[in-house]
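Visitor: Take a look at this one; I'll ask things after.
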C-alpha cells in the first residue's frame, strides 16, 4: 500500500473518467510521473476542481496499489496568472515532452527542477525560444541522450567554426560537404549551442533544427501537438 502526503507536483494532463472523475498525469518531485484518479473532481461542487490546474505547483496526497492511485488531497502552493498565447503553448510543449520521454514512476529530481525553472522563465522571461532550446538540451542530457556539440564523432577532433557536419543520431557530428542535404550544421552553430550562446539568430535556428531532429527520433508518434499551435499565432 502506497501512501504519499503533501508532495510537490505539477499537473501535466487530465482526462475525464466516468461521470464526474478525472484521470491525472502528474509530475512529482520524488516519484516521477504518477497516474491518479481524482474522484468527483469534475463535479461543480468539488473543491478540487479549481485546484487541479497545470503550471502551478501543487501539494498532492495520494494512496493505493497498482499503477493508478487515488488522489486524497490537493492544494496550491501559490497561484499565478494564467499563461496566454505563445507562453501557454510553450508550457504545453514542456508537458508533452515530459509525458513522451519520462516513464511513469521513474524518479527524476533534476528534471523536475529543470521543468520548474523553465516554467518560470516562460512565465516571466522575454527570450522564450532560448529557454525552450536549453530545456530540450538539458532534458536530453538528463534522459541519457546528451547532444555531442564539441567534437567530431569519428576522430574526436574539436569542431571547427567554418566546417560543416552531418549530425548522426547515434554518433554525433561527422564532417561533410556544406552543400549536402539533410541534417547538416555549421560548426560555429554547434559550438554556440554547446556554449548556450544564442546571440546569433542563425545559431538559434540551428539549435532548434537539431533538437527537433533528435527528439523526433526518440518520440514514436509523428507529431508533437503543441508545435502545430505556434503556426496559428
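Visitor: Given the rule -39500 (n - 2.57) for each run of at least 4 DSSP H residues, summed and divided by the residues of the chain, what is its mean residue ellipticity at 222 nm, to the nearest 500 deg cm²/dmol?
Guide: Result for the chain, helices only: -11000 deg cm²/dmol.
Visitor: Please state the relative contact order of the chain as a whole percent: Cα pairs under 8 Å, 6+ residues apart? Each step should come with its number before you reach the end.
Guide: Numbers: 386 pairs, mean separation 34.3, N = 233.
Computed value for the chain: 15 percent relative contact order.
Visitor: Shifting gears a bit: Between residue 20 and residue 116, what FRET efficiency follows from the Cβ-Cβ distance if R0 is 30 Å, with the result rounded to 0.05? Don't skip to the end; give the middle numbers.
Guide: Working: r = 31 Å, r/R0 = 1.02.
That pair, residue 20 with residue 116, gives E of 0.45.
Visitor: Right, next: At a 10 Å Cβ-Cβ cut-off, how would you order 100, 126, fewest neighbours first?
Guide: Final ranking by Cβ density, sparse to dense: 126, 100.
Visitor: If you scale each eigenvalue of the Cα gyration tensor by 5 and take the root, what three semi-axes come out for the range 85-232, rounded to whole angstrom and sorted largest first? Spell out each step's value before the answer.
Guide: Values: eigenvalues 138, 59, 44 Å².
Value: 26, 17, 15 Å, ordered largest first.
Visitor: Still on this structure: Ranking 19, 116, 202, 152 by Cβ neighbours within 10 Å, fewest first, what do you get?
Guide: Working: 19 8, 116 15, 202 11, 152 19.
Placing the least packed residue first, the sequence is 19, 202, 116, 152.
Visitor: Still on this structure, I have one more. If you take the beta carbon distance between residue 148 and residue 208 as r and set R0 to 22 Å, what does 1/(1 + (r/R0)^6) give as a FRET efficiency, to the nearest 0.05? Please list the in-between numbers first.
Guide: Values: r = 17 Å, r/R0 = 0.79.
With a Förster radius of 22 Å, E is 0.80.
Visitor: What is the diffusion coefficient of the range 2-76 in µm²/s, taking the Kirkwood radius over Cα pairs and the Stokes-Einstein relation at 25 °C with a viscosity of 0.890 mPa s? Could the numbers behind the result be given before it?
Guide: Values: Rh = 12.0 Å.
For the chosen part, D equals 205 µm²/s.
Visitor: Rank the residues 60, 98, 128 as a footprinting-exposure proxy: fewest other Cβ atoms within 10 Å of their Cβ go first.
Guide: On the way: 60 27, 98 24, 128 17.
By the 10 Å Cβ count, ascending, the order reads 128, 98, 60.
Quick note: the coordinates plus some simple rules give every number you see, no bench work behind them. Note that the coordinates shown come from a computational prediction; the quantities given were computed from them, not determined experimentally. Cβ sites come from the backbone with ideal geometry, for glycine too, and all protein chains shown count toward neighbours.
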